[in-house]
Structures are given as structure tokens and as C-alpha cells.
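> Just passing along the structure, written as C-alpha cells.
The values are calculated or read from the model by the stated rules, or taken from the named source; none is laboratory data. None of these values were measured; they are calculated from a predicted model. Here Cβ is always computed from backbone atoms with ideal geometry, including for glycine, and neighbour counts include all displayed protein chains. Quick note on the areas: whole protein, heavy atoms, side chains included, nothing else; ligands and nucleic acids left out. Shrake-Rupley method; radii C 1.70, N 1.55, O 1.52, S 1.80 Å.
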Amino acid sequence: MKIIDGSNVIYSFKPEMNSVEWVKPGEIFKVITHDCFHGQIYSESQLMDEIDYSRLNPATGPIGIEGAEVGDILKVKILSILPAATGVTITLPKEGVLGHKATKSLTMI
């Protein structure tokens, strides 16, 4: 099975981007991804003002499909998702669904 290791990430999509890896139609492959902070949060003492906002929400890829052409509709079936052993969440006053209930910034790992 091909493994796309996550060493190449992007932060936005553009039509002229080159694929970092190619797969064949129907090929099963594994993609290693990163958390939304791209590993910048590693301590509960860290707050949002300590991270590089240009490195938020990394995507592994782009991944090209051999034979696909511009305008083609592609179907991808996700067979499984294995979460990391730890996760990160940050609460900010006035941000997100429950931001109106937050009184201070809090980071939890």
C-alpha cells in the first residue's frame, strides 16, 4: 500500500499546483495528516497568540489521480480514520459556537 507521509503540506488550493504524489484509479493508499495547528501546540500553557497563523489547517498533498483530467468528477472512499493518541482544543472568548460562554482563553491537550 502506498503511504503519503505528510511531509508535503499546503495551506490553500490553486489550479496550477503540482501533485506531490500520484495514485491510480481504485488504488488504496494511506495519507498521514497533521492537526489543525500543524504541531505548534504542545503545552497547555500555550495560547493562540503564540502560534503562526500562516501554518493553520495544513492539508497533505495535493494528490494526483492518474488519468484524471480537468473537469472530471472524482469519487474518494474513506475506508478508515485513525485519530492520533492526543488532541488539542483551544477555547477563546467570543469565538466559535460556545465562545459567548468563554471568559478566558484555555488550551487543553
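> Restricting the stretch 97-109 to residues that are open to solvent by 70 Å² or more (accessible area, probe 1.4 Å) and assigned to a loop (DSSP other than H, G, I, E, B), which is farthest from residue 44 (Cα to Cα)?
Only one residue tops the list, namely 97.
> Being under 15 Å from the mean Cα position of the chain (by Cα), of a type outside the set (Val, Ile, Thr) and under 18 Å from residue 17 (Cβ atoms) narrows it down to one of 83, 62, so name that one.
The match here is 62.
> Could you tell me which numbered condition residue 50 fails, if it satisfies all but one of (1) touching a residue at least 12 places away in the same chain (Cβ under 8 Å); (2) charged (D, E, K, R); (3) farther than 23 Å from residue 1 by Cα?
Among (1) touching a residue at least 12 places away in the same chain (Cβ under 8 Å); (2) charged (D, E, K, R); (3) farther than 23 Å from residue 1 by Cα, the lone unmet condition for residue 50 is (1).
> Sticking with this one: At pLDDT 95 or above and out of contact with any Lys or Arg (no Cβ under 8 Å at 6 or more places or on another chain): which single residue out of 12, 80, 105 fits that description?
The match here is 80.
> Please enumerate the residues belonging to the stretch 1-19 that are open to solvent by less than 60 Å² (accessible area, probe 1.4 Å), in a loop (DSSP other than H, G, I, E, B) and either touching a Cys at 6+ places or on another chain (Cβ under 9 Å) or in contact (Cβ under 8 Å) with a residue 40 or more places away in the chain (or both).
6, 19
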